[in-house]
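The values are calculated or read from the model by the stated rules, or taken from the named source; none is laboratory data. Since the structure is predicted, the reported quantities are computational estimates derived from the model, not experimental observations. Here the Cβ is made from the backbone with ideal geometry for all residues, glycine too, and neighbour counts use every protein chain on show. Heavy atoms of the whole protein, side chains included, go into the accessibility calculation; ligands, DNA and RNA do not. Shrake-Rupley method; radii C 1.70, N 1.55, O 1.52, S 1.80 Å.
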Amino acid sequence: MPRGRTTIADIASEVGVSIPTVSKVLNGRTDVSESTRARVEAALERHDYRKPVATRASGHGVRLLDLVFHAADNLWAQEIIKGVEQVCGPERVGVVLSELGGAHRPTQEWIDDVMARRPLGVLLVLSGLDPKQRHQLESRNIPFAVVDTQGEPPAGVPTVGSNNWNGGLSGTRHLLALGHRRIAAISGPDDMLCSRARVDGFRSAHDEVGVPWDPALIRWGAFDAESGYRHGLDLLDRPDRPTAVFAGSDYQALGVLRAARELGLRVPDDLSVVGYDDLPISQWIDPGLTTVHQPLREMASMATRMLLTLAAGGQPPSTRVELVTELVIRASTAAPAAAGGRS
């Protein structure tokens, strides 16, 4: 059967079930046996079935968008939520928030719930879907998009991110321009695209001015304060400690600041610290944090607009968007003491 021409009746005939049974599977109903559901899903995938757009609406007439975080218990996630709400509020679209407990892929149970809700779309933040899950949403004509991808997204998946490589480059360039020559980097998990890109920018900043970077000063961890604190203690307690730290998130930078304080180091007199994200808290801590501004609200708003356009049957101007990052200089960075910094 040609792509796009397969009907529910065709699927039902091939599998040997009734048309209402296929309809129940498509609508995420639970009153279908697991073996029957698996056979229907396999047939839908074989024929690349797509539910007609005109027949799909959010359950009970309620317009919903599913927002999925790998972790949502921080200020970073709040910025994303605000960006989504800036678009969904005026459009009178409700937002269903899910948190994956640190995982980067939702469970099948979550997919089943989404198919039952039939939202206008799904927005995944630092998370993604496996091929089977993607097809399950595609077959129901539930569009999905990704903000700040965990890895390289599949072709055709709408994606909004920021220039993480340039963020790492600009933050490290600033430290090098101040005269620092022994700089550490603490980034997120090494299996995340944004973590690797920021460290690549860190290395490139060193390479362009001919300053060697020390692999022993590059650390990988979670994007949280605990990781920054733990790595900060280890880096700053060594006899050849760095004079500056580029942190992959503002939370990691907060952990580094605490580690420095416990070790009796003054910021920025003895140690300069650069963060990443420019969360609202970064301008209120003491000293104010020099950080790379990542336009989180704009990223979320743009991805949400993409989803609503797709849900309406349209096509966004671009499905791959990378927004600009910008260094915000505050009081946590200065020249090292040996190069004329404060004493």
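Can you say what percent of the DSSP beta bridges in the chain, counting only those with both residues inside, are antiparallel? Round to 5. If you can, show how the numbers build up before the last one.
Working: 3 of 38 bridges.
In the chain, approximately 10 percent of DSSP beta bridges are antiparallel ones.
Taking one equal scatterer on every alpha-carbon of the range 175-304, how large is log10 of I(q)/I(0) by Debye at q = 0.16 1/Å?
-0.75
Over the chain, with the other protein chains present, what is the accessible area per residue in square angstrom, probe 1.4 angstrom? Could you put the intermediate results ahead of the total?
Values: 14930 Å² over 343 residues.
Averaged over the residues of the chain, the accessible area is 44 Å².
In sequence order, what are the phi-derived ³J(HN,Hα) couplings for the range 266-273 according to the Karplus relation 6.51 cos²θ - 1.76 cosθ + 1.60 with θ = phi - 60°, rounded to whole Hz, with x for glycine and proline?
9, 10, x, 4, 9, 8, 9, 9
How much net charge surrounds residue 130 when only the other residues with a Cβ under 15 Å from the Cβ of residue 130 are counted, with Lys and Arg +1 and Asp and Glu -1?
-3
If you fit an axis through the alpha-carbon atoms of helix 225-236 and take the longest principal axis of the Cα set of the chain, what angle between them do you get, 0 to 90°, nearest 10?
30
In percent, what relative contact order does the chain have, based on Cα pairs under 8 Å that are 6 or more apart in sequence?
17
Between (1) 80, 38, 34; (2) 61, 54, 37; (3) 69, 42, 39, which matches Cα extents along the principal axes in Å calculated for the structure shown?
It is the one labelled (1).
Under 5 Å between amide hydrogens, which residues at least 5 positions from residue 140 or on another chain qualify, with H placed 1.01 Å from N in the peptide plane?
Answer set, sorted by chain and number: 51.
Given points 7 Å out from each Cα along the Cα-Cβ axis, report the residue 261 to residue 62 separation in nanometres with one decimal.
Simple spin-label model gives 4.3 nm for this pair.
What percent does the relative contact order of the range 158-221 come to when contacts are Cα pairs within less than 8 Å and at least six residues apart?
Computed over the range 158-221, the figure is 45 percent.
Local charge sum around residue 242 (other residues, Cβ-Cβ under 14 Å, Lys/Arg +1, Asp/Glu -1)?
Values: positive: 181, 182, 219, 238, 241; negative: 214, 234, 237, 240, 270.
My count for the surroundings of residue 242 gives 0.
If I model a spin label at residue 96 and residue 74 as a point 7 Å from the Cα along the Cα→Cβ vector, what separation in nanometres do I get?
2.7
Contact order normalised by length for the range 221-343, with contacts defined as Cα pairs under 8 Å and 6 or more residues apart; what percent is it? Write down the numbers at each step before the final one.
On the way: 207 pairs, mean separation 29.7, N = 123.
This gives 24 percent for the range 221-343.
In the chain, what percent of the accessible surface is made up of carbon and sulfur (1.4 Å probe, ligands and nucleic acids excluded)? Show your work: numbers first, answer last.
Values: 7790 of 14930 Å².
The computed percentage sits at 52.
Mean projection of the alpha-carbon convex hull of the range 250-341 over all orientations, in nm²? Present the calculation step by step, with values, prior to reporting the outcome.
Values: hull surface 29.6 nm².
For the range 250-341, averaging the hull's shadow over all directions gives 7.4 nm².
Could you please tell me the mean projected area of the C-alpha convex hull for the range 283-331, averaged over all directions and given in square nanometres to one decimal? Each step should come with its number before you reach the end.
Values: hull surface 16.1 nm².
The Cα convex hull of the range 283-331, projected and averaged over all directions, gives 4.0 nm².
Just the number, please: Stokes-Einstein D of the range 66-155 in µm²/s, Kirkwood Rh from C-alpha pairs, 4 °C, 1.567 mPa s.
On the way: Rh = 13.4 Å.
This corresponds to a translational diffusion coefficient of 97 µm²/s.
For the chain, what does the helix formula give at 222 nm: sum of -39500 (n - 2.57) over DSSP H segments with n ≥ 4, over the residue count, nearest 500 deg cm²/dmol? List each step's numbers first, then the result.
Working: 11 runs with 136 residues, N = 343.
Helix contribution divided over all residues of the chain: -12500 deg cm²/dmol.
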